[in-house]
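A.B. asks: Structure incoming, see below.
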Amino acid sequence: MQFFFRKKTVTIITSERTTFYKYLINKFMSELLQHKHILIRAEVKNPLQDEHQATLWLKTLVKDINMKILIGPIAKYLDVPGNRGLTVAAIIETSHIVMHCWDECSPGLMQLDVYTCGAFDPKTVLDAIEQFDIVKIDYKYLDRESGFQELTL
């Protein structure tokens, strides 16, 4: 049997087909999966406090980074002194997005975790949080394919 792969003709015999198919699948998957992760910690003047607004915000973010929601988003506000704030999360087709906002302190604190095996532009994520009126921001953008290599934007 012959296959045309990467501008070369490859001839394999029947006993090698399974190995070749596994090779093709692994090669395709390694090119498809990205394993990118952005972690953001921001002090903000306007942290999210409303559960409905948080779910709408997260749906928009998922759309803007070209991902697909599988479960959620779900948001819950916790009114407990010392830990008062909101959490919103979604399981996306390629992993997850979770945001926590604490509003007792001034400025408020927002932490956002976007991990995906698909390609996305981390600048889109940074743009999406500008509406919370950022006072200070720290972030790490990681390639988790083999270890935790820090990437620059």
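Computed from the coordinates by the stated procedures, all read-outs in this text should not be read as laboratory data. Quick caveat: nothing in here was measured; it's all calculated off a predicted structure. A quick note on method: Cβ atoms are made from the backbone with ideal geometry, for glycine too, and the neighbour counts reach across all protein chains shown.
A.B. asks: Using only Cα atoms, locate the centre of region 53-83 and the centre of region 113-153, then give the distance between them in Å, rounded to an integer.
C.D. replies: The two parts, judged by their Cα centres, are 16 Å apart.
A.B. asks: OK, next. Across region 131-138, in residue order, what do the Karplus-derived ³J(HN,Hα) couplings come to in whole Hz, using 6.51 cos²θ - 1.76 cosθ + 1.60 with θ = phi - 60° and x for Gly and Pro?
C.D. replies: For region 131-138, the Karplus-derived couplings read 5, 8, 6, 5, 9, 8, 9, 10 Hz, x marking Gly and Pro.
A.B. asks: Quick one: go through region 40-83 and flag any residue whose amide nitrogen is under 13 Å from the point 7 Å out along the Cα-to-Cβ line of Asp121.
C.D. replies: 64-66
A.B. asks: Along each of the three principal axes of the Cα atoms of region 36-151, give the extent in whole Å, ordering the values from largest to smallest.
C.D. replies: Per principal axis, max minus min of the Cα coordinates gives 40, 28, 22 Å.
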